[in-house]
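Report on the structure given below.
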Amino acid sequence: MGDVSISLSSSLAQFTGGVRRFSVPAGTVRQVLEKMQDEYPRLTGRIVDDSLQPLPFVRVYVGDADVRDLGSADSAVAPGTTVMVLAAVAGG
């Protein structure tokens, strides 16, 4: 099985030692999110909740589709796909 490219927003890179792009094995949305957290444990609890649903201030895109619109964490993520994870930045 091939890999999926992960692209993180700069606000999340602080939890990966500054790494914004990396790869994990392709699989389901659930497996990809789990592999991201396995690779960078400090991401745990910052992107998805315990049921692997994106937190309210985070958007996860598989290609052009928001994972909330895919209907299931068991939806397939094909090798070569880019998964973008964007977190809102608050301040003022």
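Give the angle, between 0 and 90 degrees and rounded to the nearest 10, that separates the Cα long axis of helix 29-39 from the longest principal axis of the Cα atoms of the chain.
Helix 29-39 sits roughly 50 degrees off the main axis of the chain.
If you roll a 1.4 angstrom probe over the protein chains with everything in place, what fraction of the accessible area of the chain belongs to carbon and sulfur, to the nearest %? The partial results should precede the final answer.
Working: 2550 of 5150 Å².
Its accessible area is 50 percent carbon and sulfur atoms.
When only alpha-carbon atoms are used, what values of Rg and Dmax, in angstrom, describe the chain?
For the chain, the Cα-based Rg and Dmax read 12.2, 45 Å.
The values are calculated or read from the model by the stated rules, or taken from the named source; none is laboratory data. Small disclaimer: the values here were computed from a predicted structure and weren't measured. Calculation scope for accessible area: heavy atoms of the full protein, side chains included, ligands and nucleic acids excluded. Shrake-Rupley method; radii C 1.70, N 1.55, O 1.52, S 1.80 Å.
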